Every structure is written in structure tokens, then in C-alpha cells.
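Note sheet for the following structure.
The values are calculated or read from the model by the stated rules, or taken from the named source; none is laboratory data. These figures come from a predicted structure and were not determined experimentally. Please note: Cβ atoms are built from the backbone with ideal geometry, for glycine as well, and neighbour counts cover all protein chains shown. Please note that ligands, DNA and RNA were not included when accessible areas were found on the heavy atoms of the full protein model with its side chains. Shrake-Rupley method; radii C 1.70, N 1.55, O 1.52, S 1.80 Å.
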Amino acid sequence: MKLGSVEHKELFCRNFLDSHLEYEPENLPWPNLNEADLARLQAIPFWEKALDIEREAGAMVSSYAATVTDPLLHEAIALQGREESRHARLIKTLIDRYSINMPERPPVVLPPKIEPAFTTFGFEECLDSFFAFGLFGIARDAKVFPEALFTIFDPILDEEARHIVFFVNWFTYIQINRRQGFLPLRIVRTLGYYGKALSNLITAFGDSDPSGTGFTATGASTFTDDLTLEKFLSVCIQENYSRMSKYDERLLKPELMPKLATIAYRTLQLIPKKRQQSSIKEKTDKIVFD
Ligand SMILES: [Fe+2]
Ligand SMILES: [Fe+2]
């Protein structure tokens, strides 16, 4: 199969449309939580941001779909818009069900340039989902909430995995068919965004996060006390691999985040080894030269 061909378009669109799950957030089996679990859930600081992101995504993706004339691409992107709006409803259901404090949300404002907004959103989803997979894996493994809650959210993460697989294939298909062999400026900007997000993450895991708004302050520390960047990256890489391995081999998968994370992980692994080796060398030198 040639990337950018009609066959490629049919594969990534059909794969996306056929794997859609039917469910209504209001009818999911939300478990009753004991006081400690409820307090822990209410203390998670990202619900407001998550709700805003999903509300904006639902409106933006749906209005982008309305501009797409290719019937198959239109059908797939319109479905993604409905799924993003359903994510917003799911988070709102959770907020109401568990009495999470939430100020009134402002109305959604659509971006003026809708296709660039869809493109940037796609790259951001690739980044956010990669870390969300890891965070979810860590929280589930640590059993910070009853398994019933993870069972509800697991298919939502698979939905995000579907979105990013669709996105990277859509982006490549569009680039090839519009003969855009070079990287447009906005993509270079998005790569810059990736770099900034990664450096924020590394800072947040260090001691130099005076703002207190870094990653550990906004989620990971809620789940586990002894999380290191090395452990976090290794779980992200494994979880991403297991979610991505469900897809047809012919489809493109997001590669940048897993590659960067693997480089970062291997680098971190080298540091203690070097220290270890130098300490062994120091000891050896001491024995030999003393
Ligand atoms: Fe979403
Ligand atoms: Fe999504």
C-alpha cells in the first residue's frame, strides 16, 4: 500500500469508523467511592483543564469536519468531533457524580483558522496521549482507585489512541496529496511546542519547579510518591507500545514521542551506570595505588 493513495485513505478511515464504540457516559457503571477515594479523586487538579480541552476539541473538530468535502474523510472527522464532545460529557458526568468543585465554564470560542487548529490539536493529542497512557498505567498499577473506575476510562484512552493514529495518517495523506514536501511553518512551531512540553516535564520532575504548576503538581504526585522520571518514561513507552500494537501494521503510528522518550530514558539509565563505574574505578584505583 502506498502512503497518500486512495487505498491508504480507505484503510485509515475505515479502521477508524469500524472501531467506534457505542456508549453513553451517563449510563456507564460509575462505582460508589469510599471517603478516601472520593477525596483523592476530588483533589486531582486536572479535571477543569481536561473538561475545557474536550469541550473545545468537540466544537473545533466538528466545525472542521463541516468544511471537509471528501465524503470518507468528512465521515471520519465528524465522528471524531462527536467522540471529543462525548469525552467532555463523560468528564462532566464524573464531575457531577463525584461532586468535584468546578466553576462555571466559559463558552467555547472557535479558532478563526480551523484546519491549522485541527492540525495543531492533532500534534498536541500525540504528545498528551503519550503521557496520559503512562499516567493511567501508573495509577492503575498503584490501585489508587477501584478497578471499576479504570475499566470506565480504559476505552477512553483507546479512543485517544485511535484519534492520534487517524491524525498521523490523515496528516501524511494530506501532505502527499497537496504535494507539501516541505514542513510548513506551523509544523515547525508544533515541534517547538513538543520540545517545550518535554523540557517542562523534565523541570517538573526536578527540584527546580518554583511555580508548583509543573507536571508532578498537576497529576503524577497524586498517584504515587516515589515516581522518578526514568520510571515514568519507561511506563509511558510500554503503555504506548501496548495500545499502538492493536492497530493494522500498514497504518502509520505516532513516532516522535516514543522516540524522544526512549532517548531520554536510555540517557537517564546511563547516568547511574557512569556514576557506578566511576565509583568502582575510584575504589579500584584506591586498592591499586594506596
Ligand atoms: Fe478527547
Ligand atoms: Fe481525541
Check your understanding: If you take the residues in region 73-92 that are charged (D, E, K, R) and closer than 29 Å to Asn177 by Cβ, which one is nearest to ligand 1 (Cβ to nearest atom)?
Key -> Glu84
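Restricting attention to region 46-77, which residues are within 16 Å of ligand 2 (Cβ to nearest atom) and open to solvent by 20 Å² or more (accessible area, probe 1.4 Å)?
The answer is Phe46, Lys49, Ala50, Asp52, Ile53, Glu54, Arg55, Glu56, Ala59, Ser62, Ser63.
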Review point. If we keep just the residues of region 88-118 that are outside any helix (DSSP H, G or I), closer than 14 Å to Ala50 by Cα and among the aliphatic types (A, V, I, L, M), which is least open to solvent (accessible area, probe 1.4 Å)?
Key: Ile100
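Rundown of residues vs (1) among the charged types (D, E, K, R); (2) away from ligand 2 (no atom under 16 Å from the Cβ); (3) modelled with pLDDT under 90, yes/no style:
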position: Gln80; (1), (2), (3): no, no, no
position: Glu84; (1), (2), (3): yes, no, no
position: Asn101; (1), (2), (3): no, yes, no
position: Ala117; (1), (2), (3): no, no, no
position: Phe123; (1), (2), (3): no, no, yes
position: Gln175; (1), (2), (3): no, yes, yes
position: Val188; (1), (2), (3): no, yes, yes
Review point. Between a first residue in region 74-88 that is touching a residue at least 60 places away in the same chain (Cβ under 8 Å) and within 14 Å of Glu160 (Cβ to Cβ) and a second residue that is open to solvent by 10 Å² or more (accessible area, probe 1.4 Å) and β-branched (Val, Ile, Thr), which pairs have beta carbons less than 7 Å apart while being 6 or more apart in sequence or on different chains?
Key: His87/Ile156
Point to revise | Within region 29-45, tally of residues that are open to solvent by less than 40 Å² (accessible area, probe 1.4 Å) and not β-branched (Val, Ile, Thr) | key: 5
Check your understanding: Considering Pro45, Pro31, which residue is under 20 Å from the mean Cα position of the chain (by Cα) and assigned to a loop (DSSP other than H, G, I, E, B)?
Key -> Pro45
